[in-house]
1. Just going by the charge dipole of the range 318-513, with Lys and Arg at +1 and Asp and Glu at -1 on Cβ, which of Tyr426, Val361, Ala346 is farthest out on the positive end?
2. For Glu173, what accessible surface area do you get with a 1.4 Å probe? Give it in Å², rounded to 10.
3. Accessible area, 1.4 Å probe, largest first: how do Glu204, Glu389, Glu313 sort?
4. Mind giving me the FRET efficiency for Lys505 and Ser158? R0 is 60 Å, r the Cβ-Cβ distance, nearest 0.05 is fine.
5. Using DSSP, restrict attention to beta bridges with both residues in the range 318-513 and report what percent are antiparallel, rounded to the nearest 5.
6. With r defined as the distance between the Cβ atoms of Val187 and Glu452 and R0 fixed at 51 Å, what FRET efficiency is calculated, to the nearest 0.05?
7. Going down the table (Lys221/Lys257; Lys257/Lys380; Lys358/Lys437; Lys456/Lys476; Lys147/Lys433), which pairs top 30 Å between alpha carbons?
8. Please report, as a whole percent, how much of the solvent-accessible surface of the range 318-513 comes from carbon and sulfur atoms (probe radius 1.4 Å).
Amino acid sequence: MVHYHRYNQWRKGEHAEEDEGLALVCINSGFYKRKRPKLVSLLLLSLLSCSLILLPHLFCSSSAFSLLYSFVAETDDRVIVDMDVNAPLCSSISNGTICCDRSSFRSDICIMKGDVRTQSASSSIFLYTSSNSSKSIKEDEEFHHEKIKPYTRKWETSVMDTIDQLDLISKHEKSATHHQCDVTHHVPAVVFSTGGYTGNVYHEFNDGILPLYITSQHLNKKVVFVMLEYHTWWIMKYGDILSRLSDYPAIDFSGDKRNHCFPEVIVGLRIHNELTIDPSLMQENKSIVDFRNLLDKAYWPRIRGLIQKEELEALSPSSGTLLEFRKDVQEAKMKKPKLVILSRNASRAITNEDLLVKMAVRIGFRVEVLRPDRTTELAKIYRSLNSSEVMIGVHGAAMTHFLFMKPGSVFIQVIPLGTEWAAETYYGDPAKKLGLKYIGYQIMPRESSLFEKYDKNDPVLQDPRSISEKGWEYTKKIYLDSQNVRLNLARFQKRLVRAYQHCKKMDTLHHHSH
């Protein structure tokens, strides 16, 4: 479930976090994070001191590279010079280095490059490297030690407390003799957690699948995924997508006791915004449309199999689906636009859904009512929505499936009382970025089942924002768990007619383009 109030807190604190900034400061053979000073003189003094320390190793030390990589010049507290304004911290590091980017409010990400070895028993990942220091180093001495929880809701303390922590440790290469490789990989690894809110389709895509794409797509499938809190059902559910992101089987970090060795390990996932991708932060300017194209490639082999099976069953004389199959084919030939209603059985259900279906048919749609649950195969949902022109649903996690629709399609989101901001932020705005025509339908108090429970002047009906400001538990209890919708069909019809006209316009444009 989306936690609205916590996200609101993040939005309020976002600019402060960005203004604060983080810089890398070199120390001996490593570096640590610190806040960037406000005064230019302090920054220059730090850089000068660091340069003097590293001068003898300027062109051979990995620390020198880190120093150069992180250098910025400032005027009036604003960054005006950077080596690459779009490149995230730690996007390029030298061998023998651990680099952690903790500048994002949403997630931390650390990169280890060189001789990297896992050790699940101690929840650690080790980097073995030589030392450039002239002082004697004890064989088991740590050069650098970082702690990280690789999950993308860093600001949400309650859920982060449930995420397993990893220790990232840099040691002298001599100590590697006591830590032998059981499995040697020749491609990088990406380590992340499938814990937290996993089990909710919004969080599975927003906190997991999309960040995994953002973090790994530049590796062109030459990457091994290593998972904390590994779930077999998650692997099965998203196996089609994972196969488009990696050529290798995923590893259960805790369950696989072998020591795995990699040339590079990325711990944590990058995340941009709600259910979307910022092309300016991606190699080759990849966007959410590119992600959807990947979904197309992931699901079509399975969908083709489903279609062939249905065709064979429909052609069988004993099949009871023959007439239905012929009807679907006939309506498709008549170019009736397809409308899918994502139906809810629990709270936030449309109680006059049957009348909505009849009205949509009268307008000219062929209608499918889809009732997905946690066990519904994603390929089947994708097939249904990918072949539709319009999707209707009441605000909730299932609206995440707008990602399965073709750009140019129509997404109508019914917005219950008390969910206006969340509906637009989590689904409305991201849908527009995918290229969908988004229509938000904000219900009136009389269309809510809450109208029968509260006085017509009660703030629950007249001022939902004041209720939501009391905290997440109020929003959840009143507006999410205890509210159904009975649509004013005369009012809602205007949205359906607008959607129908859009479909016809898109169909005409499609024919002219061919």
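1. Working it through, the farthest residue towards the positive pole turns out to be Val361.
2. 100 Å²
3. Numbers: Glu204 5, Glu389 60, Glu313 85 Å².
So the residues, ranked largest to smallest area, are Glu313, Glu389, Glu204.
4. E between Lys505 and Ser158, to the nearest 0.05, is 0.80.
5. Details: 1 of 22 bridges.
Antiparallel bridges make up about 5 percent of those DSSP assigns within the range 318-513.
6. On the way: r = 59 Å, r/R0 = 1.16.
With a Förster radius of 51 Å, E is 0.30.
7. Numbers: Lys221/Lys257 24 Å; Lys257/Lys380 36 Å; Lys358/Lys437 23 Å; Lys456/Lys476 21 Å; Lys147/Lys433 35 Å.
With Cα atoms farther than 30 Å apart: Lys257/Lys380; Lys147/Lys433.
8. Values: 4840 of 9640 Å².
Answer for the range 318-513 is 50 percent, counting heavy atoms of protein chains only.
The values are calculated or read from the model by the stated rules, or taken from the named source; none is laboratory data. Please read these numbers as outputs of a predicted model, since none were measured by experiment. Neighbour counts run over all protein chains shown; Cβ positions are idealised from the backbone, glycine included. All accessible areas refer to the heavy atoms of the entire protein, side chains included, with ligands and DNA or RNA removed. Shrake-Rupley method; radii C 1.70, N 1.55, O 1.52, S 1.80 Å.
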